[in-house]
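> If you scroll down you'll find the structure; I have some questions about it.
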Amino acid sequence: MQCITSPLDDTDRATLHVALRRERLYAFMHLLGAFGAAAPAIVVAFLETGLPLALTVAAVATGVCAWQLRRFFHWRTTSARLRRALAMGMKSTTHGALSGVEVVQPGQLRYRVDGDVLILRPLAAPLEQADTAAHMHVTRFEHVQATDVVLHWVPLTDGRGALLGVEYSALPAPERVDVTMDAAAVERSGWQVRQLAILLSVGLLVAMLTHGMSYGFGLNQLLQTLCIAAGAGAVIFACNRVRVRRLLRRGTQMTVMRGVVSEVLSARVRSGRKTLHHTWYRVGNMLVCPPTSMRGAFGVGSPVTLEYIASDAPGLAGTLVSLSLRA
């Protein structure tokens, strides 16, 4: 196994900047959760309720607060390691014969290269996508069959690191070209706006049905709900038109990458009482998770076209425009 050290390139820095920003956000949210868990115990103590209720609330609040603080310190530690790696400005490039890849919980991959073992957690491409935590709850992993592999990673602890990119000898290097976005490309990039409109519609429908079942389905309530829906829809439409006009007026550049899917990661993410299943695809060194509207019959070895807008500001994610099967 050959391992050399080289400076981080612009894409590597963008990936680390965005990952660091997200992990700091995770830490902040868990810290808020700890304060939120402690609040009921404080309120009950001031209300001078009975001892059994106070003890019950205190026990539950302590358990939840302890879990939230545990997650806070976890994300704080991982973000500190990423910050140190970014400050050093160097990455490791490992080249050798690949003998196997395994999923290691929680959400890490064990690469066996020339008999040596590297445990790496994959970092998502620095783009706004359906999911951004590629390293969490990975349940299944597939990769293209290849004899040689090149791993680009930054060390975090002994024998472990963050995976920036993978190159397989069996696949040609992807083709990249920068083009000016046209109206069709701008429309494709608006998948987040469409998802927001769908969520808003479903939320208003549920609220209307819940209110109707509780207080009856009156004409006034129906008209009020329709007015709220129309107003919210008008705001979303107006914001989207401003976004479209700005992108077209600026002549925004979009990167078009034509390559082959080299890795597929399946992840399980808890959202309330539901379990969401996300699928990640690696094209070149970009690990992306497209929304449901973009998902097709992709698999390892599928020729695809990836379109995205890279961000110019450090720490800010770019935009995933589309991922489509290439004829």
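Values quoted throughout were computed directly from the atomic coordinates according to the rules given, and no laboratory measurement underlies them. Just so we're clear, the structure is a prediction, and the values are computed from it rather than from any experiment.
> Please list, ordered by chain and number, the residues whose modelled amide H lies under 5 Å from the amide H of Leu164; skip anything fewer than 5 residues away on the same chain.
His152, Trp153, Val154
> Further, regarding this structure: Hey, can you grab everything whose amide H is under 5 Å from the amide H of Val261? Only 5+ residues off in sequence or another chain; H modelled, so Pro and N-termini drop out.
HN-HN under 5 Å from Val261: Gly301, Ser302, Val304.
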